[in-house]
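> Before anything else, here's the structure in question.
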Amino acid sequence: MPKQLAGLRWKPCWVSHMGCLAGCLEYLGLEVSRPWLYGGTGHAFALNMHEAVCPSGPTRWKTSRLTALGRNLGYETHVLGAWKGEAGFAAQQAEAWSYVRACIDRNVPCYGWELKAPEFYVIYGYDNVGYYYCGALADDGEGPKPWQDLGGSEIGVISVRGVQPVRAAPDGKTVKDALAFALRFAERPNEWTFPNYLSGPAGFALWAESLESGKADRFGQGYNGEVWRECREMAVEFLKEARARLPGKADAAFDEAVAHYTAVRDDLRAVVKLYPFKRDAGGEKVKSPEAAALVRQAGAAERKGLDSLRGIVAAL
């Protein structure tokens, strides 16, 4: 008989990492709003863009700071990871399998990378064969996935994570730390990105150039558009929630930031309307001066928004 944590499921959204965390937090009984989760971890302000708008952009960046910021929100995440090319990979697969079973036996919710597609999935159970999981393309739950198969894809990454409650930080610290990370992510891409990817305003410019030149991958365009639109929607709502939680601390700077990120959000909504997500895009490319102009406009508003974030950080 499978051992399962009743009620543990992901919360569907474009950023599967956030959807898994939201599901784990709900299982733990932690009341964290969706915008507070996206914003407090800094993800609401992230952008990671490949030179050809590869669909890997939303997930292929270094998320260690995002994980660490979870403590401010009242949870901590323990991560076990490995690459397929490393020595002793089979032993690391076994270690991940042992860790997940121990977590579930202790009612600790888990999630992991690429149980099915290259996304994050909540792991809600196990049996003697492998993992039971839910997430993108597996909303109703699937399994068992043989534990020896984890990390065996072309990407070749093992990442399993257990989530447990801790004491949350004061709201001011949560906001200041998250926005400081957002600024560093935008301004120092080498800290968080890999070669051929850019973040922040430079990432918007790279995105626009790809659309202008016709290099943009059609599948990646739809996926990136939806992910970064969702993030900026959450950025707007996080800033509103932060202003309400911190009255009189930086009201004018919060108002400015909300206005600028609303402009970014609206431009990205327009981009998504032009090129909605298309699962069967194959090897199609996109060449669109109209979409490029919208992305450039969003990048200009983003730059102004970052200036407002500096004001909030300084005030806090």
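> Within the group Ala52, Ala6, Ala82, which residue is surrounded by fewer than 24 Cβ atoms within 10 Å (Cβ to Cβ), free of Cβ contacts under 8 Å to residues at least 60 places away in the same chain and among the small types (Gly, Ala, Ser)? Write out each step before concluding.
Values: Ala52 fails: free of Cβ contacts under 8 Å to residues at least 60 places away in the same chain; Ala82 fails: free of Cβ contacts under 8 Å to residues at least 60 places away in the same chain.
Among Ala52, Ala6, Ala82, only Ala6 is surrounded by fewer than 24 Cβ atoms within 10 Å (Cβ to Cβ), free of Cβ contacts under 8 Å to residues at least 60 places away in the same chain and among the small types (Gly, Ala, Ser).
> Can you find even one residue in the range 258-274 that is under 18 Å from Ala178 (Cα atoms), modelled with pLDDT under 95 and not hydrophobic (A, V, I, L, M, F, W, C)? Talk me through it step by step, then tell me what you get.
First, the residues of the range 258-274 that are under 18 Å from Ala178 (Cα atoms): 258, 260-261.
Then keep just the ones that are modelled with pLDDT under 95; that gives none.
Scanning the range 258-274 turns up no residue that is under 18 Å from Ala178 (Cα atoms), modelled with pLDDT under 95 and not hydrophobic (A, V, I, L, M, F, W, C).
A quick yes/no check of all residues on (1) in contact (Cβ under 8 Å) with a residue 60 or more places away in the chain; (2) of a type in the set (Val, Ile, Thr); (3) outside any loop (DSSP other than H, G, I, E, B):
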position	(1), (2), (3)
Tyr124	yes, no, yes
Tyr132	yes, no, yes
Asp140	no, no, yes
Lys145	no, no, yes
Glu154	no, no, no
Val160	yes, yes, yes
Val163	yes, yes, yes
Arg167	yes, no, no
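> Here's a check for you: in the range 186-234, which residue that is basic (Lys, Arg) and within 26 Å of Asp307 (Cα to Cα) is surrounded by the most Cβ atoms within 10 Å (Cβ to Cβ)?
Selected residue: Arg232.
> Of all residues in the range 283-316, which are closer than 20 Å to Glu212 by Cβ and part of a loop (DSSP other than H, G, I, E, B)? Break it down into steps so the answer makes sense when it comes.
Taking the range 283-316 and keeping what is closer than 20 Å to Glu212 by Cβ, we get 283-303.
Those that are closer than 20 Å to Glu212 by Cβ and part of a loop (DSSP other than H, G, I, E, B): Gly283, Glu284, Lys287, Ser288.
> Related question: Can you give me the number of residues within the range 1-27 that are in a helix (DSSP H, G or I) and closer than 26 Å to Phe181 by Cα?
In the first step, residues of the range 1-27 are kept if they are in a helix (DSSP H, G or I); the result is 16-27.
Those left that are additionally closer than 26 Å to Phe181 by Cα: 16-26.
Looking only at that region, the number is 11.
> Oh, and also: Could you tell me whether the range 215-224 includes any residue that is closer than 13 Å to Ala46 by Cα and either among the small types (Gly, Ala, Ser) or at pLDDT 95 or above (or both)? Quick ask: steps written out before the conclusion?
Start the filter on the range 215-224 by keeping residues that are closer than 13 Å to Ala46 by Cα, which leaves 224.
Retained after the next criterion (residues that are either among the small types (Gly, Ala, Ser) or at pLDDT 95 or above (or both)): 224.
Within the range 215-224, one or more residues are closer than 13 Å to Ala46 by Cα and either among the small types (Gly, Ala, Ser) or at pLDDT 95 or above (or both).
> Kindly evaluate Val32 against the criterion of being assigned to a loop (DSSP other than H, G, I, E, B), in contact with a Leu (Cβ under 6 Å, 6 or more places away or on another chain) and surrounded by fewer than 23 Cβ atoms within 10 Å (Cβ to Cβ). Lay out the reasoning, then the answer.
Details: assigned to a loop (DSSP other than H, G, I, E, B): yes; in contact with a Leu (Cβ under 6 Å, 6 or more places away or on another chain): yes; surrounded by fewer than 23 Cβ atoms within 10 Å (Cβ to Cβ): yes.
So Val32 passes the test.
> OK, next. Mind listing whichever residues of the range 259-282 are free of Cβ contacts under 8 Å to residues at least 60 places away in the same chain and in a loop (DSSP other than H, G, I, E, B)?
The answer is Tyr275, Pro276, Phe277, Asp280.
> Which numbered condition trips up Gly143, out of (1) of a type outside the set (A, V, I, L, M); (2) out of contact with any strand residue (DSSP E or B) (no Cβ under 6 Å at 6 or more places or on another chain); (3) modelled with pLDDT under 95?
So the condition that Gly143 fails would be (2).
> Kindly provide the set of residues from the range 10-59 that are more than 17 Å from the chain's Cα centre (by Cα) and closer than 15 Å to Tyr133 by Cα, ordered by number. I'd like the intermediate steps shown before the answer.
Of the range 10-59, the ones more than 17 Å from the chain's Cα centre (by Cα) are 26-31, 51-52.
Hit for the range 10-59 is Tyr27, nothing else.
> When the range 90-111 is examined, which residues are found to be hydrophobic (A, V, I, L, M, F, W, C), crowded, with 16+ Cβ neighbours inside 10 Å and either outside the structural domain of His17 (by TED's automatic domain parsing) or more than 23 Å from Gly23 (Cβ to Cβ) (or both)? Walk me through how you get there before you give the answer.
Going through the range 90-111, the residues hydrophobic (A, V, I, L, M, F, W, C) turn out to be 90-91, 94, 96-97, 100, 102-104, 108, 110.
Narrowing further to those that are crowded, with 16+ Cβ neighbours inside 10 Å: 96-97, 100, 103-104, 108, 110.
Correct list: empty.
> Still on this structure: Specify which of the listed residues (Glu237, Glu302) is surrounded by 18 or more Cβ atoms within 10 Å (Cβ to Cβ), within 21 Å of the chain's Cα centre (by Cα), within 23 Å of Ala216 (Cα to Cα) and not aliphatic (A, V, I, L, M). Working first, answer last.
Details: Glu237 fails: within 23 Å of Ala216 (Cα to Cα).
Testing whether each residue is surrounded by 18 or more Cβ atoms within 10 Å (Cβ to Cβ), within 21 Å of the chain's Cα centre (by Cα), within 23 Å of Ala216 (Cα to Cα) and not aliphatic (A, V, I, L, M) leaves just Glu302.
> Now for a separate question. Quickly run through the range 130-149 and pick out the residues that are at negative phi, surrounded by 15 or more Cβ atoms within 10 Å (Cβ to Cβ) and within 21 Å of the chain's Cα centre (by Cα).
Within the range 130-149, Tyr133, Cys134, Ala136, Ala138 qualify.
> Evaluate the following for Phe194: is it closer than 17 Å to Trp61 by Cα, in contact with a Lys or Arg (Cβ under 9 Å, 6 or more places away or on another chain), in contact (Cβ under 8 Å) with a residue 60 or more places away in the chain and assigned to a helix (DSSP H, G or I)? Before the answer, list the steps.
Values: closer than 17 Å to Trp61 by Cα: yes; in contact with a Lys or Arg (Cβ under 9 Å, 6 or more places away or on another chain): yes; in contact (Cβ under 8 Å) with a residue 60 or more places away in the chain: yes; assigned to a helix (DSSP H, G or I): no.
Answer is no for this residue.
The values are calculated or read from the model by the stated rules, or taken from the named source; none is laboratory data. Being a predicted model, the structure only gives us computed values, none of them experimental. Neighbour counts run over all protein chains shown; Cβ positions are idealised from the backbone, glycine included.
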